[in-house]
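The values are calculated or read from the model by the stated rules, or taken from the named source; none is laboratory data. This structure is a prediction, so every number in the text was calculated from the model and none was measured. Don't worry about glycine lacking a Cβ; one is built from the backbone with ideal geometry, like all the others, and counts go over all protein chains shown. Calculation scope for accessible area: heavy atoms of the full protein, side chains included, ligands and nucleic acids excluded. Shrake-Rupley method; radii C 1.70, N 1.55, O 1.52, S 1.80 Å.
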Amino acid sequence: TASKRMSQNWQMVAGFTYGKNTGGLNNAGVNSGQSGTTDLNDPNNTLFSNGIVGNDSTYAFRLSGSYTAPAGIIVAGTLVSNTGYPYVSTYSVTRALAATAGVNLTRASQNVFLSDRGDERLPSVTLVDMRFSRAFHFAGNRRIEPQFDLYNLTNSSVVTTLNPAVGSTYQQPTAIVSPRIMKVSIAINF
């Protein structure tokens, strides 16, 4: 972590985290490699029981700061960059499919995990947000501050969730980063 306090009209805070979130069973859903029910009596649910847990990012970087420009205009921004979250590809084996391999499946179907948790990851996500504002001061500490915000300045459309089940929709995105959003607002202090 590094920071610079406000001086010479600017300030900044930066942080970098590197690590791995590992452990045993979790019930965070198929994307994390475990069944939503996590019945410990079922050996299929304990397959790949160790590894990356939950929404683990190998690295996470944050940078934010602000600058007071001439005429009291404040320019502030944030940069966030993370490694993509892990997911686990699965394949659904049915009784009919198991029978062709000479295996008697007692269930109607069984999801089989095709990788260890953490072997497959979504793309890295990098986002930039900006704010422009200027305060107008009045008598008695009254203040009106128009603000203009830009979220996802680069209009990134990185996939944040996908279908991990092998089939016709395998790896089809189910969620992406929200699009660029512009917001105009006014803060009034009285």
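Values for this structure:
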{"item": "Test result for Leu40, at pLDDT below 80 and within 25 Å of Asn163 (Cβ to Cβ)", "result": "no"}
{"item": "Strands (runs of 3 or more DSSP E) within segment 74-190 that include 3 or more residues open to solvent by 40 Å² or more (accessible area, probe 1.4 Å)", "result": "90-94, 109-113, 125-134, 136-138, 142-151, 173-176, 181-189"}
